[in-house]
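Worksheet: the structure to be examined is printed underneath.
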Number of protein chains: 2
Amino acid sequence: MKFSAAVRLFAVSITAITMTAWIAHAQEKPLVLASQGSFFVGGEMKKVPARGGGAQEDITINQMYVQFQVPANGGPHTPVVMVHGCCLSSKTWETTPDGRMGWNEYFVRKGRPVYLADQSSRARSGFDGSKINAVKAGTLPPSELPNVLTASHQTAWSVFRFGPTFGTAFPDGQFPIQAVDELYKQMIPDLNALLPNPNPTWTNMAALAKKLNGAILMGHSESGFFPEQAALIDPSGVKGIISIEMPCVMDFAKDKLDVLAKIPTLVMFGDHLGDVKGGIANWMNSYEGCEKFVQQVNAAGGDAEMMYLPKLGVKGNSHMLMQDKNNLQLADMIMSWIDKHVDAKKGARRQSSN
Amino acid sequence: MKFSAAVRLFAVSITAITMTAWIAHAQEKPLVLASQGSFFVGGEMKKVPARGGGAQEDITINQMYVQFQVPANGGPHTPVVMVHGCCLSSKTWETTPDGRMGWNEYFVRKGRPVYLADQSSRARSGFDGSKINAVKAGTLPPSELPNVLTASHQTAWSVFRFGPTFGTAFPDGQFPIQAVDELYKQMIPDLNALLPNPNPTWTNMAALAKKLNGAILMGHSESGFFPEQAALIDPSGVKGIISIEMPCVMDFAKDKLDVLAKIPTLVMFGDHLGDVKGGIANWMNSYEGCEKFVQQVNAAGGDAEMMYLPKLGVKGNSHMLMQDKNNLQLADMIMSWIDKHVDAKKGARRQSSN
C-alpha cells in the first residue's frame with residue numbers, strides 16, 4: 001500500500017482529512033473478502049427489576065461483540081484477534097484519525113483473517129446498567145455507582161505521549177497530531193469498573209481463540225496483557241500473543257509461566273517513554289517490567305521477544321502506534337514476527353505430523 | 001445469494017449457528033470492495049472536572065461513529081445510511097442472530113455504498129458519562145441520573161413481536177426464534193435520555209448525507225423517523241427516506257411538509273401489529289399514524305409510499321424484519337423502490353441537465 005506524498009500533504013483540515021481518506025482508499029486495489037460478519041462470544045443472563053414494577057426480568061450481560069473479515073487470498077495464516085484499550089473501541093484499529101488505512105484492513109490485505117472485539121462492557125458489547133438504575137431508584141447509594149472513566153483531551157495527550165505537555169507535540173512524533181480532534185471522538189466511557197473478576201473479556205478472548213481453532217491474540221494498553229490472562233484461563237486456542245504497551249505482570253508461579261512459555265509472545269513499546277512531564281502513566285516503568293516478564297518467559301523455555309522500537313531505529317512512536325504515521329511499517333514488523341514465530345512453526349508442525 | 005436447505009437445517013444450536021454463518025459465508029462469491037473504513041460526524045467539546053481535582057478538562061461528546069463499505073461494482077447507486085433502533089447498535093444490520101447475511105452486506109453486494117451509524121450516545125459513538133460521575137461525587141442528586149434503557153428479554157419478545165406472549169412464538173413468525181439468545185446479546189444500554197434537543201443524531205445524519213453529496217437515510221423503530229427529522233434540519237443531502245416501524249409525527253405545518261414532500265419516502269411495517277398481548281408498544285396505532293403521514297406528504301405533492309407487508313402478501317414479519325428469515329426478500333423490495341423512486345430520478349435529472 002502506498003499513499004502519495006501529495007495526498008499526505010493535502011490533509012490539512014478535518015474535512016480535507018476525511019476526503020483524503022476516500023481518495024486514498026479509492027487509489028487502493030479492491031479489497032477481496034472470502035467472508036465477513038459479526039457475532040458475540042460469551043454472555044450470561046441476569047435478573048433485573050422490571051420497568052414499572054412487577055416480576056423480575058432478564059437481560060444479557062458480559063457478552064463480547066466481534067466483527068471479522070477473512071481475505072479471499074487467506075492462505076495458511078493464523079487469524080489475528082485485535083482488542084482495544086481503555087476508553088476506546090475497535091475503532092482503534094480502523095481508519096486512522098487522519099484518514100489512512102488502519103491495521104485491521106492492512107492485515108486482511110496481507111492475507112490474515114482479522115477479528116475485532118469490543119471489550120465486554122464497551123461499545124457494541126454493551127454494559128450492565130442496572131446499578132445506575134438502582135441508584136436512580138434509591139435502592140442503592142450513589143457510592144455504588146461505577147467510576148465512568150472517560151479520558152479527557154489532556155489525559156490522552158499525556159498518556160498517549162503526543163508531547164511533553166498538553167498542546168505541544170514532540171518534533172519527531174509519529175502521531176498525526178493535526179488530526180488529534182478525530183482521536184478525541186474515539187474516546188468513549190470505560191465501564192470496566194462494573195465487571196466481575198476475572199474480567200469476562202479474558203474468558204471471551206480465550207473462548208474466541210478456541211472457536212477459531214487457533215488464533216493470535218493482540219492487546220493494547222488496558223488490554224495489552226489480556227492475551228496472557230486469556231491464555232492462563234484456557235491456552236488451547238492461543239497460538240500467539242502480541243502485547244502492546246502496558247504494565248506486565250511479573251513473577252508468575254512456575255505453573256503459570258510454563259503455560260505462557262508454550263506460546264510465542266511479542267511485546268512492543270514505542271518512543272519517548274520517559275519524556276512526558278506529569279500525567280498518570282509511567283511508561284518507562286511499564287517497559288522495564290515487561291523486559292523482566294520477557295526474560296522470565298524465556299528462562300522458562302519460552303519464545304518471547306521485546307520490540308522496543310527506538311532501540312530498533314524506529315523513532316517517535318506514540319502510545320497509539322497503530323494510528324501513527326508509520327503504522328504500516330510497524331504492522332509489517334509484527335507480521336514478519338508472526339510468520340517466523342507462529343505460522344512457520346504451524347507449518348513445521350504440520351510437516352512433522354505427515 | 002443462496003443458502004442450501006441443508007445448511008439451514010444444520011442451525012440447531014448456537015455453536016452450530018455460528019459455524020453455519022461461516023459455512024454459508026464461505027459459499028458466497030468473494031465480496032469485492034472499492035473501499036471501506038470508518039470516521040465520525042459531529043461532536044463538540046465539553047468541560048468536565050479533572051480527575052483528582054484541579055482545572056477543568058475537555059471531553060468530546062455527541063459525535064456519531066460511521067462505518068462504511070463501497071462496492072467495487074458501485075455504479076450510479078445512491079449511498080444508503082442505516083441507523084439502528086432503541087437498545088441496539090449497528091450490529092442490527094449485520095450477520096443475523098442465526099448467522100445469515102445482514103442487510104449491510106447484501107446492499108453492498110447489490111452495488112450500494114453502505115454507511116452504518118451508531119447513534120450518538122450509543123456503542124462506538126460513546127456517551128456523556130459526566131452526570132453519573134457527578135452523582136457519584138455527590139455534586140448532583142441521584143434523580144439527575146439518566147434512565148438507562150435496557151430492553152429485557154421479555155420486553156424484546158413483546159415489542160419486537162416474536163409471539164403473543166413471552167416464550168410463545170407466532171407459528172408463521174419470520175424471526176429466527178431458535179437464535180433469539182443471540183439477539184438478546186445485541187441489546188445494549190440506551191442513554192438517549194442524556195441527549196440535548198434536537199437529538200445530535202438527527203443533525204449528524206443530515207451532515208453525513210451532505211458530506212456524501214447525497215444519501216438515502218434509513219431508520220428503524222426508535223430511529224425510524226430520524227430521517228425525516230434530519231431532513232427538516234437540512235434536507236440538502238437527503239435524497240431518499242426509508243422509515244421502518246415507528247410512530248410517525250403527523251400534522252406538520254405546511255412549510256415542513258413542503259420540505260418532506262420533495263424527498264421520496266418509503267415507510268415499511270411488518271405483520272402481527274395487533275397480535276401481541278400487553279407490552280409497551282402499540283404497533284397498530286403507529287401504523288395507522290404513519291398511513292396518515294404518508295397521505296399528508298402525498299397531499300403536499302410528495303412521493304411517499306406505505307409498504308404494509310401483509311397487505312402485499314408477505315406474512316409473519318417481526319419488528320426486527322432486517323433479521324427475519326425473509327430479510328433478503330424485503331431488502332430486494334426496498335432496493336427496487338430505491339431504483340425507481342431515487343436512482344431513476346437522479347438519472348433523469350442527470351440526463352435533463354446534459
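The values are calculated or read from the model by the stated rules, or taken from the named source; none is laboratory data. Since we're looking at a predicted model, the values are computed, not measured. Every residue, glycine as well, gets a Cβ built from its backbone with ideal geometry; the counts of neighbours run over all protein chains shown.
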State which residue pairs qualify: first residue among the polar types (S, T, N, Q) and inside the range A:36-57, second residue in a strand (DSSP E or B) in any location, beta carbons under 6 Å apart, and separation of 6 or more residues or different chains.
A:GLN36/A:GLN69; A:SER38/A:GLN67; A:GLN56/A:LYS47
Check the range A:164-179 and report whether any residue there is polar (S, T, N, Q), over 24 Å from B:PHE39 (Cβ atoms) and outside any loop (DSSP other than H, G, I, E, B).
yes
Residue in the range B:309-320 that is charged (D, E, K, R) and farther than 28 Å from B:TYR106 by Cβ present:
no
Verdict on A:THR96 being over 25 Å from A:ALA231 (Cβ atoms), touching a residue at least 24 places away in the same chain (Cβ under 8 Å), more than 9 Å from every other protein chain (Cβ to nearest Cβ) and not acidic (Asp, Glu)
yes
If only one of B:GLY313, B:GLY278, B:GLY274 is out of contact with any Pro (no Cβ under 9 Å at 6 or more places or on another chain) and in contact (Cβ under 8 Å) with a residue 60 or more places away in the chain, which one is it?
B:GLY278
Is the range B:163-186 home to any residue that is of a type outside the set (Lys, Arg), under 29 Å from A:GLU182 (Cα atoms) and either modelled with pLDDT of 95 or more or in contact with a Leu (Cβ under 9 Å, 6 or more places away or on another chain) (or both)?
yes
Residue count, the range A:213-260 (criterion: crowded, with 20+ Cβ neighbours inside 10 Å and assigned to a loop (DSSP other than H, G, I, E, B)):
5
Is it the case that some residue within the range A:74-83 is more than 10 Å from chain B (Cβ to nearest Cβ), modelled with pLDDT of 95 or more, in contact with a Ser or Thr (Cβ under 6 Å, 6 or more places away or on another chain) and not in a helix (DSSP H, G or I)?
yes
Among the residues of the range B:261-303, count how many are closer than 30 Å to A:GLY52 by Cβ, crowded, with 18+ Cβ neighbours inside 10 Å and either away from chain A (no Cβ under 14 Å) or of a type in the set (Phe, Trp, Tyr) (or both).
13
Filter the range B:30-55 down to residues that are part of a loop (DSSP other than H, G, I, E, B) and either modelled with pLDDT of 95 or more or facing another protein chain (nearest Cβ under 8 Å) (or both), then give me how many there are.
5
What's the number of the condition A:PRO142 fails, among (1) more than 19 Å from the chain's Cα centre (by Cα); (2) within 9 Å of chain B (Cβ to nearest Cβ); (3) more than 30 Å from A:VAL48 (Cβ to Cβ)?
(3)
The correct count of residues that are in contact with a helix residue (DSSP H, G or I) (Cβ under 8 Å, 6 or more places away or on another chain) and facing chain B (nearest Cβ under 9 Å) in the range A:105-121 is 1
Criterion first (surrounded by 23 or more Cβ atoms within 10 Å (Cβ to Cβ), part of a loop (DSSP other than H, G, I, E, B), in contact (Cβ under 8 Å) with a residue 40 or more places away in the chain and facing another protein chain (nearest Cβ under 10 Å)) does B:ARG124 satisfy it?
no
Which numbered condition B:LYS185 fails, given (1) of a type in the set (Lys, Arg); (2) under 27 Å from B:GLU44 (Cβ atoms); (3) within 14 Å of chain A (Cβ to nearest Cβ)
(2)
Check A:GLU305 against each of (1) charged (D, E, K, R); (2) free of Cβ contacts under 8 Å to residues at least 60 places away in the same chain; (3) outside any strand (DSSP E or B) and name the one condition it does not meet.
(3)
Output the residue which, of all residues in the range B:159-169 that are of a type outside the set (Ser, Thr, Tyr) and out of contact with any His (no Cβ under 6 Å at 6 or more places or on another chain), is surrounded by the fewest Cβ atoms within 10 Å (Cβ to Cβ).
B:GLY167
Filter the range A:253-271 for residues that are in contact (Cβ under 8 Å) with a residue 24 or more places away in the chain and among the charged types (D, E, K, R) and give the result.
A:LYS254, A:LYS256, A:ASP258, A:LYS262, A:ASP271
Residues of the range B:140-158 classified as touching a residue at least 60 places away in the same chain (Cβ under 8 Å) and surrounded by fewer than 21 Cβ atoms within 10 Å (Cβ to Cβ), total
1
